[in-house]
Amino acid sequence: MASSPLTGIMTDRPLLIRDILLHGERTWPEQEIVSVSGSGQRHRTTFQETFRRTRKLANVLADLAIRPGDRIATLAWNDYRHIEIYYAVACSGSVCHTINPRLPEEQITYIINHAGDSWLFASVDFIPLLEKILPNISGVRGFIILGNDGETSTIPLPGAIPYETLINPASDEYEWPEFPETTASSLCYTSGTTGHPKGVLYSHRSTVLHTLMSNIAATINLNEQDVVMPVVPMFHVNAWGIPYSAVMAGAKMVLPGPHMANGQLLQALIEEEQVTVAFGVPTIWLALVHYLESSDKRIDSLNRVYTGGTACPRHIMDTLLRVYGTDTVHLWGMTELSPLGTLNQAEKRTDLSYDEKMDLRCKQGRSAFGVEMKLKDNHGNPVAHNGKDPGILFVRGYAICSGYLGEGEESPNTSLHDSDGWLNTGDIATIDEDGYLQITDRAKDVIKSGGEWISSIELENLAMAHPNVAEAAAIAMPDGTWGERPLLVAVKKDNNSLDEQRLQEWYQGKLPEWMHPDRVVFINELPHTATGKVIKSQLRGQLETLLSQ
Ligand code: AMP
């Protein structure tokens with residue numbers, strides 16, 4: 001007789017972010033959220049007060065005729081108001097679309113229009129940016145400006161409303177609605193692939209599962225004794241999920257506002273607030289270590305930092321542990337993964353010496369619960385997990401996107417996934433017998449500087465728009481501070497007299513300065529495949545020779 005699975009007899013409650021909010025508010029009403037404003041002032045509030053204001057904001061959203069499914073954009077730093085927006089927008093059924101203000105204006109305009117954002121919350125700092133792009137984002141119905149009373153009293157933006165003016169009179173009574181757990185909650189664009197930025201649309205279900213995955217003891221393991229400082233911006237993959245996991249675990253949050261790479265401020269915050277856990281890209285920890293070394297200051301409360309976004313250099317992890325007693329947990333993740341993929345808890349390996357652990361830490365770690373990994377070669381054949389043979393890394397799991405917004409998200413995206421539904425990460429990696437992942441290269445054609453993407457295509461197209469350039473290829477060169485910086489390899493038209501400085505100047509005003517190539521090298525011919533594609537791996541292999549020219 002054919003048997004069929006027996007259905008469990010359990011209630012079927014949807015996984016909603018609302019429940020993280022309600023749990024945090026009910027269980028730890030007095031837990032604190034400390035934010036730093038642009039001028040460096042500290043603002044202190046509690047979970048109770050934050051979620052009271054979040055209910056007021058939900059009423060405001062309803063009054064503004066914001067409906068379930070509407071995309072509500074933010075251009076904002078890490079602070080308590082951004083937390084209120086995260087929760088009010090998602091928990092009332094709309095979608096919180098966080099935008100990276102460091103992108104070029106054209107990309108920000110593209111992203112706002114592509115997402116179909118109907119309202120935009122912006123920190124006062126971004127008013128000049130909005131003034132510039134205003135004529136090209138006509139779908140946005142209104143702007144709400146985040147700042148203190150003095151800062152928002154006169155706003156030179158037509159129709160813009162100060163946040164506090166809106167929420168002050170609103171009622172703080174609001175019943176959070178219930179809807180299917182597959183409802184979209186937030187949206188984040190990634191430039192990690194070539195072409196236009198792509199929108200990853202998270203759901204309530206994926207966000208709650210990602211929060212649970214993050215908070216288990218084997219993973220990030222936050223608790224109510226922790227003081228958590230996300231130095232990863234809230235416009236990057238929901239600040240790696242910390243605004244959710246800290247509330248679920250009852251941990252105090254310390255939000256550094258716009259002062260992300262300021263080692264002095266970070267040290268002061270760690271000491272003042274007794275921060276125990278912090279999150280950020282290696283460039284941040286480098287800035288902190290530089291400040292500590294130049295000042296003799298300490299970070300004694302800081303037990304561990306989580307670092308990801310790009311490979312963490314050994315010397316940062318070594319200095320943090322040896323000199324300051326702070327453990328580094330190396331993470332690998334992607335916007336498409338919400339972002340947690342792997343983490344490296346080498347410190348827990350009692351079988352290894354200090355140096356062996358340090359070597360191991362340089363790998364990106366083992367998969368988090370809810371993430372599976374496999375390697376394939378260029379022909380789609382499996383690659384052994386022997387720590388030696390590299391392959392293209394594929395993943396599947398609970399909080400991984402199945403497509404990009406507006407690109408067939410209703411069915412798995414075939415260019416993004418293999419036929420079994422595993423996501424192609426675009427990373428090249430080895431996996432050893434113990435399951436440790438090591439990223440060895442990147443198949444996707446991009447450069448990552450200080451955790452931010454620079455499109456090589458964009459650099460190349462701009463170079464080739466120069467009348468004296470015949471062809472150009474942009475590749476990453478390793479950099480001690482930023483991880484990677486762009487190098488442009490160019491071929492001149494008819495061997496003209498164009499030089500490095502003039503080609504670098506060509507980028508002025510066309511892209512933000514931090515995206516400009518640090519070096520330009522001219523060669524006679526670029527290497528090509530039979531189909532005419534530039535062989536970048538060959539250029540990367542010749543990096544030293546190129547740079548010595
Ligand atoms: P993003 O979507 O901006 O978070 O970028 C994801 C990509 O960043 C990955 O596919 C990797 O190429 C890179 N990445 C993230 N974490 C690491 C890491 N720890 N080591 C090396 N590369 C990383």
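The values are calculated or read from the model by the stated rules, or taken from the named source; none is laboratory data. Note that the structure is predicted; figures quoted are calculated from it, not measured. Here the Cβ is made from the backbone with ideal geometry for all residues, glycine too, and neighbour counts use every protein chain on show. Keep in mind that these areas ignore ligands, DNA and RNA; they rest on the heavy atoms of the full protein, side chains included. Shrake-Rupley method; radii C 1.70, N 1.55, O 1.52, S 1.80 Å.
Look through segment 98-124, keep the residues that are within 19 Å of Trp453 (Cα to Cα) and among the acidic types (Asp, Glu), and return whichever of them is most open to solvent (accessible area, probe 1.4 Å). Looking at the filtered set, the residue picked out is Glu106. From the list Asp300, Asp318, the one residue that fits, being of a type in the set (Asp, Glu) and either within 16 Å of the ligand (Cβ to nearest atom) or part of a helix (DSSP H, G or I) (or both), is Asp318. Between Ile85, Ile20, Ile33, the distinction of being of a type outside the set (Lys, Arg) and in contact with an Asp or Glu (Cβ under 9 Å, 6 or more places away or on another chain) belongs to Ile33 only. Quick check: is even one residue across segment 174-185 farther than 17 Å from Trp119 by Cβ and within 16 Å of the ligand (Cβ to nearest atom)? No: segment 174-185 contains no residue that is farther than 17 Å from Trp119 by Cβ and within 16 Å of the ligand (Cβ to nearest atom). Filtering segment 349-368 to residues that are in a loop (DSSP other than H, G, I, E, B) and in contact with a Phe, Trp or Tyr (Cβ under 9 Å, 6 or more places away or on another chain) leaves Lys363, Gln364. Just so you know, in segment 321-338 the residues that are part of a helix (DSSP H, G or I) and hydrophobic (A, V, I, L, M, F, W, C) include one that is nearest to the ligand (Cβ to nearest atom), and it is Leu337. Evaluating Thr481 against the criteria (1) within 22 Å of Pro313 (Cα to Cα); (2) part of a strand (DSSP E or B) leaves one unmet condition, (2). Examine segment 157-165 for a residue that is touching a Ser or Thr at 6+ places or on another chain (Cβ under 8 Å) and closer than 17 Å to Asp117 by Cβ, and state whether such a residue exists. Looking for residues that are touching a Ser or Thr at 6+ places or on another chain (Cβ under 8 Å) and closer than 17 Å to Asp117 by Cβ, one finds at least one in segment 157-165, hence yes. For segment 81-104, residues that are part of a helix (DSSP H, G or I) and of a type in the set (Val, Ile, Thr) total 3. Considering segment 125-217, the qualifying helices (runs of 4 or more DSSP H), each wholly inside and each with 3 or more residues that are of a type in the set (A, V, I, L, M, F, W, C), open to solvent by less than 40 Å² (accessible area, probe 1.4 Å) and farther than 30 Å from Asp427 by Cβ, run over 127-133.
Before we move on, is Thr310 assigned to a loop (DSSP other than H, G, I, E, B) and within 16 Å of the ligand (Cβ to nearest atom)?
Working: assigned to a loop (DSSP other than H, G, I, E, B): yes; within 16 Å of the ligand (Cβ to nearest atom): yes.
So Thr310 fits the description; yes.
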